[in-house]
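Here's the structure, in C-alpha cells; my notes come after.
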Amino acid sequence: MLKERCQPKRCNLECIKYCPPVRTGSEAIVMNDEIGKPVISEQLCVGCGICVHKCPFEAIKIIGLPEELEEKIVHRFGLNAFRLYGLPIPKRGQVSGIIGPNGIGKTTAIGILSRSILPNLGEYDSPPTEQEILDHYSGTEIHDYFKKLFDGELRTAIKPQYVDRLSEIHSGNVVDLLSKVDDSSRLDQVANQLTLNDLLDRDITTLSGGELQRVAIAATLLRDADAYFFDEPSSYLDIYQRLKIAEIIQNISSEKYVIVIEHDLAILDYLAEIGYLMYGSEGAYGVVSQPRVIRVAINVYLGGYLREENIRFRDHEIKFFPKPPRDEWSRAPLIRFDSIKKNLDGFKLSIDGGAIHVAEVVGAVGPNAIGKTTFVKILAGEITPESGAIDSTAKVSYKPQYIKPTFDGTVRELFIDRIGPNYESGFFKSEIAHPMNLRFLMDRDLMTLSGGELQRVSISLCLAKEADIYLLDEPSAYLDSVQRMSAAKTIRSVIEKSARTAMVVDHDVYMIDLISDSLLVFSGLPSKNGRGIGPLPMRDGMNMFLRQMDITFRRDADTSRPRINKKDSKLDREQRNSGEYYYSL
C-alpha cells in the first residue's frame, strides 16, 4: 500500500468494495481509523489483483516475490510497507557507489550501515536484538562490519540527502556549525579544500543550495570517523565542484570505508571503484544486487537487464549518441541577440552576440554563479539588460531554477488552471505525461510533492504550454539518473515533434550530451563576472568547456556514454595533445 497515493476521502473505497475475500466475510482489507486509510492483511489476501485495478489512485501494489528473496530481507518498515532486501558491503580502501532510482531504499541502506536504522530482518512488530542480528549474519562478509559497528569500534559519518533542510536543524554562522563537528581540528584545511572561507561568517539561512551542499560535505569530512556515507553529494554543484568533491572523497577512501549514492553517473564512474545496483518497485521494495566494477554496473543499469540474475528491471535501454547529434545548423534563427551586458548586485555579465535557431536545443554550461540563470531570465523577459538588444517576438515558457509550489490544489487542477483543456490532448498524454510518469501525481496535492516529483511536474508544465522557446533551468535537480534521461528525451522529443526551440541549463553532462544540438559556454569569476559565448556547435562548445574544466572525456566502448578520463592517463594525455577534450574518435 502506497500511503502517499491513497486518498480514501476522494474515492468510494473500491479496494474494500470489490475485494472477493471481503465480500465473503473475511477482513482481508479493513479501514484503519488511526491512520484513516485501508490496511491489507497479507495473510488473508488471495492476490487476485482486483483492488490494484479498481483503485483510482493506483495506490496498491501486489507483488509476488521469490521465496529465496524473502530469505534475504534486511528491513521492513511495517504492515503493507517498504521492504529492503540485501545490503551493500563496505570495503576499506575503496569507494563503493550505489546506483538506483528514487524510492528504492538507497538511503535506507546507508542508514542501516551507519547505525541510524537498526535492521529488523522483516520482524517489524518484534525487532531482533543486536546479538540476534549478528547471529543471523554469522559467516557472512557483513557480519564483521556489524560486529564492529555494534561494539562501538566503528565510528560513522553521514552526509544527508536533503541539504536544503540544514537551516531548519542548525542556526547561526557556518563557522559555528563546523566548529561543533570538527573532531580532528582540520577546519581550516577542509574550508580551503571546499572554498568555504568566504562563507564562514555567513548565516546558514542565507546560503544557496550549492553553498549548503559544500557546508554539509565539510561537516561530514570534519568528523573523525571510520566509515563515511555521502548521500547525493553532487546536488546543486557545478561540474568543477563535483570533480573536486570526487577527488576529496577518493583521498579519504584509502584508509576508510566510503559509500556514495549518486545520480550523476559520469561523476560516480569517475569516483567509485565498485558499484551496487539497486532495483525493485518504488515505495514497495528494493533489492541490492551483487557488486560489479563501476563501469560494468553503470552499463548494466543503463541496459536495464541483470544477466547473472536473469532479471529485467526496466523495459527499455538508455542509449547515447556515438557522436553529437548534429554538427552543423541550417535552420532559420528564432532569436538573435547583440552583445549583451548586465550588472546585477556587483556581478557583471557579458554575452557575445549570437542566434538561437528554430527546432534547436541549446545547452548552457559553466560554473555556478557565472550568469547562466541571469541570461535565461533576460531571454524570459524577467530582467532587462543595460546594453544590447534581443531581436525576437518568440513566445517564452520558462521553468525557473528554484521551484516553490504556490498553487493550492492537485496537480490536475494546476494543469487545468495553467494550460486549460490541452492537458487532456493526445500529444500531452503520449509525449509528456507518459514519459514523465505523471499518472501517479495528477490527483496529489501540489504541496505534498517531493522535490523530484515537483521537478517532473514543473518540466511537464513548461513543455505543455504553447510557446516558441522553452527555457529550462537545471531540470535534472532532484531527479534520479533514469528520470534525468527520461526528462532529456522528453524535452528532445517535444522539440523535434513540435518544431519548437529550447535552452537547457544543467550540470549533468549525460543530460547535456543527450539533449543538446549546440552549447552556450559561460566562463569567468563566479559571483564577480561572467561571459557567455555561443551557441557553438556541440563539439566546439564541449571542447571549450572541458578545456576550462581541465578534464577530458571519452566514449564508453559498449554504450557510447561519456566517461571522464583519469588525470594524466594515456588517453587523457593523447586527447589533450590533439586538442580533442570531448571524446576521441
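Return the total of residues in segment 202-231 being open to solvent by 60 Å² or more (accessible area, probe 1.4 Å), within 21 Å of Ser114 (Cα to Cα) and free of Cβ contacts under 8 Å to residues at least 60 places away in the same chain.
0
Using the structure shown, decide if Ile158 is under 24 Å from the mean Cα position of the chain (by Cα), closer than 23 Å to Gly86 by Cα, open to solvent by 50 Å² or more (accessible area, probe 1.4 Å) and of a type in the set (Val, Ile, Thr).
yes
Is one or more of the residues making up segment 244-253 assigned to a strand (DSSP E or B), touching a residue at least 24 places away in the same chain (Cβ under 8 Å) and either open to solvent by 10 Å² or more (accessible area, probe 1.4 Å) or within 30 Å of Ala59 (Cβ to Cβ) (or both)? Don't jump to the end; show me each part of the working.
Residues of segment 244-253 that are assigned to a strand (DSSP E or B), as a first pass: none.
Within segment 244-253, not a single residue is assigned to a strand (DSSP E or B), touching a residue at least 24 places away in the same chain (Cβ under 8 Å) and either open to solvent by 10 Å² or more (accessible area, probe 1.4 Å) or within 30 Å of Ala59 (Cβ to Cβ) (or both).
Can you tell me which residues in segment 434-460 are outside any helix (DSSP H, G or I) and farther than 24 Å from Cys6 by Cβ?
Pro435
Just one of (1) part of a loop (DSSP other than H, G, I, E, B); (2) open to solvent by less than 20 Å² (accessible area, probe 1.4 Å); (3) among the hydrophobic types (A, V, I, L, M, F, W, C); (4) free of Cβ contacts under 8 Å to residues at least 60 places away in the same chain trips up Ile383, so point out which.
Of everything listed in (1) part of a loop (DSSP other than H, G, I, E, B); (2) open to solvent by less than 20 Å² (accessible area, probe 1.4 Å); (3) among the hydrophobic types (A, V, I, L, M, F, W, C); (4) free of Cβ contacts under 8 Å to residues at least 60 places away in the same chain, Ile383 misses just condition (2).
When residues of segment 177-201 are filtered for being farther than 20 Å from Leu237 by Cα and either touching a Phe, Trp or Tyr at 6+ places or on another chain (Cβ under 7 Å) or open to solvent by less than 80 Å² (accessible area, probe 1.4 Å) (or both), how many remain?
Going through segment 177-201 one residue at a time, the tally reaches 7.
Condition (residue is of a type in the set (S, T, N, Q) and touching a strand residue (DSSP E or B) at 6+ places or on another chain (Cβ under 8 Å)) applied to segment 123-146: is it met by at least one residue?
no
Yes/no matrix, rows are residues, columns are (1) part of a loop (DSSP other than H, G, I, E, B); (2) farther than 30 Å from Lys341 by Cβ; (3) open to solvent by less than 90 Å² (accessible area, probe 1.4 Å); (4) not aliphatic (A, V, I, L, M):
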{"position": "Ser397", "(1), (2), (3), (4)": "no, no, yes, yes"}
{"position": "Phe407", "(1), (2), (3), (4)": "yes, yes, yes, yes"}
{"position": "Ile416", "(1), (2), (3), (4)": "no, yes, yes, no"}
{"position": "Gly420", "(1), (2), (3), (4)": "no, yes, yes, yes"}
{"position": "Phe427", "(1), (2), (3), (4)": "no, yes, yes, yes"}
{"position": "Ile432", "(1), (2), (3), (4)": "no, yes, yes, no"}
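Which of the residues belonging to segment 13-33 are under 25 Å from Leu449 (Cβ atoms) and either over 36 Å from the mean Cα position of the chain (by Cα) or open to solvent by 20 Å² or more (accessible area, probe 1.4 Å) (or both)?
So in segment 13-33, the residues under 25 Å from Leu449 (Cβ atoms) come out as 13-15, 32.
Across segment 13-33, the qualifying residues are Leu13, Glu14, Asn32.
Looking at Gly78, Gly49, Gly36 in this structure, which one is within 30 Å of Glu130 (Cβ to Cβ), open to solvent by less than 70 Å² (accessible area, probe 1.4 Å) and either at pLDDT below 85 or not polar (S, T, N, Q) (or both)?
The conditions single out Gly78.
The values are calculated or read from the model by the stated rules, or taken from the named source; none is laboratory data. The shown structure was predicted, so the numbers you read here are calculated from the model rather than taken from an experiment. A quick note on method: Cβ atoms are made from the backbone with ideal geometry, for glycine too, and the neighbour counts reach across all protein chains shown. Areas reflect the complete protein model, heavy atoms only, side chains present, ligands, DNA and RNA absent. Shrake-Rupley method; radii C 1.70, N 1.55, O 1.52, S 1.80 Å.
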